[in-house]
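Student: Take a look at the following structure, please.
The values are calculated or read from the model by the stated rules, or taken from the named source; none is laboratory data. All figures in this text were calculated on a predicted structure; none of them were measured in a lab. Neighbour counts run over all protein chains shown; Cβ positions are idealised from the backbone, glycine included.
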Amino acid sequence: MWQLRSGLRLLHARTRGEAVSGWAWTALALYLGWAGFAFGIRAAVQRRRTGDAGFRGISGHPGEASWWAGVLFVAALLGGAAAPVGALAKLPTTAHAALQWTGLVITLAGMAATLAAQTNMGASWRVGVDAAERTTLVTGGLFAHVRNPVFTAMAVTAVGLALMVPNWVALLALACLVAAIQLQVRVVEEPYLKAVHGPAYATYTARTGRFLPGVGRHTA
């Protein structure tokens, strides 16, 4: 009887380990594919259409809020890949099928929304901000509902991936991403857009939520 119980526990542990490994490989493949499309392919399309890949880098000086936004964003991107790699390396990871299937659906939805929002931006798509640059204010497509749909979609994708491979690295990467997005939007992008587009941006922010429809609108 003792040998039977030991055998069953060993089989359960092996099956659980195989499940974690499968979800980790799936999450890693989705993450690399998403990152490749969101940054690599999008930059290539941008360069072909406009002659400029759209990368502007980290804003501000070391220690400033805008600089921290860029640093945290890079940390979040690295952490997004490190979470499934850590799971493959036997980092303690919660395995719950319902949670992971939910994460897969959320991830796919976030990936699709990221692509749609980036497409809506057209020639105005940028990674980072150049204060001397003047781009068109985008208010159509997903931008008619929220002011920062790319960031919202990225956060949704990160939540989905964290559910697929729920370990402390995934949670830390998600926290870094949320902090980076909040700093980037509030400290860097909103002041820039207000300075460049003035009344048009004020009207837009009064009717459109920051990250969710109707939430975070600016009122006079």
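Student: THR203 is checked against (1) among the polar types (S, T, N, Q); (2) farther than 19 Å from ILE58 by Cα; (3) touching a residue at least 12 places away in the same chain (Cβ under 8 Å) and fails just one. What number does that condition carry?
Tutor: In the conditions (1) among the polar types (S, T, N, Q); (2) farther than 19 Å from ILE58 by Cα; (3) touching a residue at least 12 places away in the same chain (Cβ under 8 Å), THR203 misses (3) alone.
Yes/no per residue for (1) modelled with pLDDT under 85; (2) of a type outside the set (Gly, Ala, Ser); (3) touching a strand residue (DSSP E or B) at 6+ places or on another chain (Cβ under 6 Å):
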{"residue": "MET1", "(1), (2), (3)": "yes, yes, no"}
{"residue": "LEU8", "(1), (2), (3)": "yes, yes, no"}
{"residue": "ALA13", "(1), (2), (3)": "yes, no, no"}
{"residue": "GLY17", "(1), (2), (3)": "yes, no, no"}
{"residue": "TRP34", "(1), (2), (3)": "no, yes, no"}
{"residue": "PHE39", "(1), (2), (3)": "no, yes, no"}
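Student: Quick check: is even one residue across the stretch 156-168 within 26 Å of GLY60 (Cα to Cα) and either touching a residue at least 24 places away in the same chain (Cβ under 8 Å) or out of contact with any His (no Cβ under 6 Å at 6 or more places or on another chain) (or both)?
Tutor: yes
Student: Consider GLY110 carefully, then state whether it is of a type outside the set (A, V, I, L, M) and over 22 Å from ALA69 (Cα atoms).
Tutor: no
Student: ALA53 passes all but one of (1) among the small types (Gly, Ala, Ser); (2) surrounded by 14 or more Cβ atoms within 10 Å (Cβ to Cβ); (3) under 19 Å from the mean Cα position of the chain (by Cα); which number fails?
Tutor: Among (1) among the small types (Gly, Ala, Ser); (2) surrounded by 14 or more Cβ atoms within 10 Å (Cβ to Cβ); (3) under 19 Å from the mean Cα position of the chain (by Cα), ALA53 violates only (3).
Student: Sticking with this one: Only one residue in ALA95, ALA113 is in contact with a Lys or Arg (Cβ under 7 Å, 6 or more places away or on another chain), of a type in the set (Gly, Ala, Ser) and surrounded by 15 or more Cβ atoms within 10 Å (Cβ to Cβ), so which one is that?
Tutor: It is ALA95.
Student: List pairs: first in the stretch 14-29 and assigned to a helix (DSSP H, G or I), second modelled with pLDDT under 85 and among the hydroxyl-bearing types (Ser, Thr, Tyr), Cβ under 6 Å, 6+ apart or cross-chain?
Tutor: VAL20/THR93
Student: Which pairs do you get when a residue that is in contact (Cβ under 8 Å) with a residue 12 or more places away in the chain, found in the stretch 95-123, comes within reach of a residue that is of a type in the set (S, T, N, Q) and surrounded by fewer than 18 Cβ atoms within 10 Å (Cβ to Cβ), reach meaning Cβ atoms under 8 angstrom, with the pair 6+ apart or on two chains?
Tutor: Taking only residues 6 or more apart or on different chains, the pairs are GLY122/THR136; ALA123/THR50; ALA123/THR136.
Student: Hand me the list of helices (runs of 4 or more DSSP H) wholly inside the stretch 127-220 holding 3 or more residues that are at pLDDT 95 or above and surrounded by 20 or more Cβ atoms within 10 Å (Cβ to Cβ).
Tutor: 149-164, 168-183
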